[in-house]
Amino acid sequence: MTKQWWKESVVYQIYPRSFMDSNGDGIGDIKGIISKLDYLQELGIDVVWLSPVYQSPNDDNGYDISHYKQIMDEFGTMADWEEMLEEMHKRKIKLVMDLVVNHSSDEHAWFVESKKSKDNPYRDYYIWRSGKDGKEPNNWESVFSGSAWEYDEATDEYFLHLFSKKQPDLNWENPTLRNEIYDMMKFWLDKGIDGFRMDVINFISKVPGLPNAPAQEGKKYASGHEYFMNGPRIHEFLQEMNREVLSHYDSMTVGEMPGVTPDEAVLYTGEDRDEVNMVFQFEHMDVDSGPGGKWDLIPFDLVKLKSILTKWQTELHGKGWNSLYWNNHDQPRIVSRLGSDGDYRVKSAKMLGTLLHMMQGTPYIYQGEEIGMTNVRFPSIDEYKDIETLNMYKEKREEGKSHEEIMKSIYVKGRDNARTPMQWNSRENAGFTEGTPWINLNPNYEQINAEEALNDPDSVFYYYQKLISLRKQYEIIPYGSFELLEKDHPSLYAYIRTYGDEKLLVLCNVSSDEQVAGHVAEFDLSKAEILLTNDDERVEPSLTLKPWEATVYYLKRK
Ligand code: NOJ
């Protein structure tokens, strides 16, 4: 396995709309980001992944791009962006930009042209089809509810949109379109960025003929994922992108890939494959989803989580590379989801950080995770802003579900849990803005905020700082092999990493009760050093773990 800077890095994700507002319009912006770079430097991260800052009508908060080479007015100017990049590089922080090219905005000039007529030169940049028997071309469902097709009266055809109807899918079968995208990528790389996070990049190749999906009982539309996830030309497209663009730069790439399996991830990230460096897989994020999908709530099953993450640890080892994440702008806050956001908030947040950061892969921290921010519960649907949540609410209400029942799933899974403004201090609007925030704050900002964390040596912030610095000091963390212990234990997460003559034992208690790790015999605890613990009283090694304890032991054979 080769050593690479991006295998040894820790990434911090910024969702610009909710990070820091500098001009009082209630919306986070680039100058706001610049003002917080010292904070990120203190945390010690190596790379920032910045969610989209391009021109956009914001139907999906920037994931609907109307101009790929311009900065969104609300976020600032290109000069601000250039200053931000310079200030990041000065602090040795790299910048990875979001690449959203499965779809554009319907307000992109390409789509405006494409809509004009069937023989417009841009028609074929998108996926247009005639209806069938007066209905949509197929039965695919949009990820954001309803049909994945929108009818256009002027030309009497439908266009495909796997997400909102303001996010028409681009037609990757068209080489001219692909070249436009490669040019755009070079534009940003030539400006000095350090890589791309690629939005739903394994959706870009659709099965020819766009066949109907198997009908789902009681549903008008059905998920057509087998016809667009990991489609027939996906590897060819990514290899072409690599040849044309990425191979000419020292960059880092991460492909967001719903539905990807470890076998496919080896194809996407294998070192001899020349596609992308790592993937975002979703299997561990689906552990608390029932057969009805994301909104169908079931309890988090730790044994299942362990088996999924272990499969990813072992099957990619030496063959590919994975990312490690609990949170992003699409996921609820992990301390509320899998930890305990009441009395044990700080302790369980640290435990979850340990569990993740001691594994193999490149860790991602989502803004606010480093201070243990929690989910939010707004009583009224009017306080929610996310298109996915709002569409789902409307659809379920029409199907007769009660407000209370729907809100329950929004509280657990809604994307706005991650999008409430970053909590900087306990003053008005948590120091995020001097105006009216575009989305309400989590009222707990008076207790949970960055200022408080920076003043407390025992905070989650300083613990994450340690996790990051350990990765730099111990090669075993990025490069060691992985073995799961206590496989069937319902509340303990334990594993061993091995690298040459070194070993790490990671013991995590995922519960509010004491737990005993009885199956770690091959590791001689008495000779081990405590590398890290979230328990103030843990001075002697012990197999009895206190509630939410995480302790990492290090052993080097002499
Ligand atoms: C994945 C992004 O992370 C999400 O926020 C977005 O809504 C969809 N892709 C569509 O771009």
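As an exercise: evaluate E82 against (1) more than 24 Å from N171 (Cα to Cα); (2) more than 16 Å from the ligand (Cβ to nearest atom); (3) crowded, with 18+ Cβ neighbours inside 10 Å and give the number of the one condition it does not meet.
(3) is the only condition that E82 fails.
May I ask you to list pairs of residues, at least six apart or on different chains, whose Cβ atoms are under 6 Å apart, with the first in segment 158-177 being over 16 Å from Y227 (Cβ atoms) and within 14 Å of the ligand (Cβ to nearest atom) and the second being charged (D, E, K, R) and not in a strand (DSSP E or B)?
Pairs found: S164/D59; S164/D60; K166/D59; K166/D64; K166/D106; Q167/D64; P168/D106.
Is it true that P547 is under 23 Å from V303 (Cα atoms) and either part of a loop (DSSP other than H, G, I, E, B) or at pLDDT 95 or above (or both)? Break it down into steps so the answer makes sense when it comes.
Values: under 23 Å from V303 (Cα atoms): yes; either part of a loop (DSSP other than H, G, I, E, B) or at pLDDT 95 or above (or both): yes.
Considered against the rule, which asks whether it is under 23 Å from V303 (Cα atoms) and either part of a loop (DSSP other than H, G, I, E, B) or at pLDDT 95 or above (or both), P547 comes out as yes.
Across segment 375-393, what is the total count of residues that are over 19 Å from L441 (Cβ atoms) and in contact (Cβ under 8 Å) with a residue 60 or more places away in the chain?
Within segment 375-393, residues that are over 19 Å from L441 (Cβ atoms) and in contact (Cβ under 8 Å) with a residue 60 or more places away in the chain number 4.
Condition first: within 16 Å of the ligand (Cβ to nearest atom) and touching a Gly at 6+ places or on another chain (Cβ under 8 Å). Now tell me which residues in segment 293-325 satisfy that.
S323 - this is the single residue of segment 293-325 that is within 16 Å of the ligand (Cβ to nearest atom) and touching a Gly at 6+ places or on another chain (Cβ under 8 Å).
Kindly provide the set of residues from segment 61-76 that are touching a residue at least 40 places away in the same chain (Cβ under 8 Å) and either more than 10 Å from the ligand (Cβ to nearest atom) or buried (at least 23 other Cβ atoms within 10 Å of the Cβ) (or both), ordered by number.
Passing the criteria: G62, Y63, D64, I65, S66, H67, Y68, K69, I71, E74, F75, G76.
Any residue in segment 22-33 that's within 15 Å of P52 (Cα to Cα): show its pairings with residues that are among the hydrophobic types (A, V, I, L, M, F, W, C) and assigned to a helix (DSSP H, G or I) at Cβ separation under 7 Å, as long as the two are six or more apart or on different chains.
D29/F75; I30/F75; I30/W81; I30/M84; I33/M84
In this structure, does W424 turn out to be over 19 Å from I365 (Cβ atoms) and aromatic (F, W, Y)?
Working: over 19 Å from I365 (Cβ atoms): no; aromatic (F, W, Y): yes.
Criteria not met by W424.
Go through the residues of segment 44-60 one by one and say whether even a single one is away from the ligand (no atom under 16 Å from the Cβ), in contact with a Phe, Trp or Tyr (Cβ under 7 Å, 6 or more places away or on another chain) and part of a helix (DSSP H, G or I).
Taking every residue of segment 44-60 in turn, none turns out to be away from the ligand (no atom under 16 Å from the Cβ), in contact with a Phe, Trp or Tyr (Cβ under 7 Å, 6 or more places away or on another chain) and part of a helix (DSSP H, G or I).
Taking E113 as the residue in question, decide whether it is in a helix (DSSP H, G or I), in contact with a Leu (Cβ under 8 Å, 6 or more places away or on another chain) and either on the phi < 0 side of the Ramachandran plot or among the aliphatic types (A, V, I, L, M) (or both).
Criteria not met by E113.
What's the number of the only condition in (1) part of a loop (DSSP other than H, G, I, E, B); (2) under 22 Å from the mean Cα position of the chain (by Cα); (3) within 30 Å of K132 (Cα to Cα) that G218 fails to meet?
(2)
Which members of segment 328-345 meet the condition of being part of a helix (DSSP H, G or I) and buried (at least 23 other Cβ atoms within 10 Å of the Cβ)? Give the derivation first.
In the first step, residues of segment 328-345 are kept if they are part of a helix (DSSP H, G or I); the result is 334-337, 345.
If the condition is that a residue be part of a helix (DSSP H, G or I) and buried (at least 23 other Cβ atoms within 10 Å of the Cβ), then I334, V335 are the ones that fit.
Looking only at segment 148-176, count every residue that is surrounded by fewer than 18 Cβ atoms within 10 Å (Cβ to Cβ) and touching a helix residue (DSSP H, G or I) at 6+ places or on another chain (Cβ under 6 Å) and tell me the total.
Residues meeting the conditions: 1.
The values are calculated or read from the model by the stated rules, or taken from the named source; none is laboratory data. These numbers were taken from a predicted model, which means no experiment stands behind them. Positions of Cβ are generated from backbone atoms using ideal geometry, with glycine treated the same way; all protein chains shown enter the neighbour counts.
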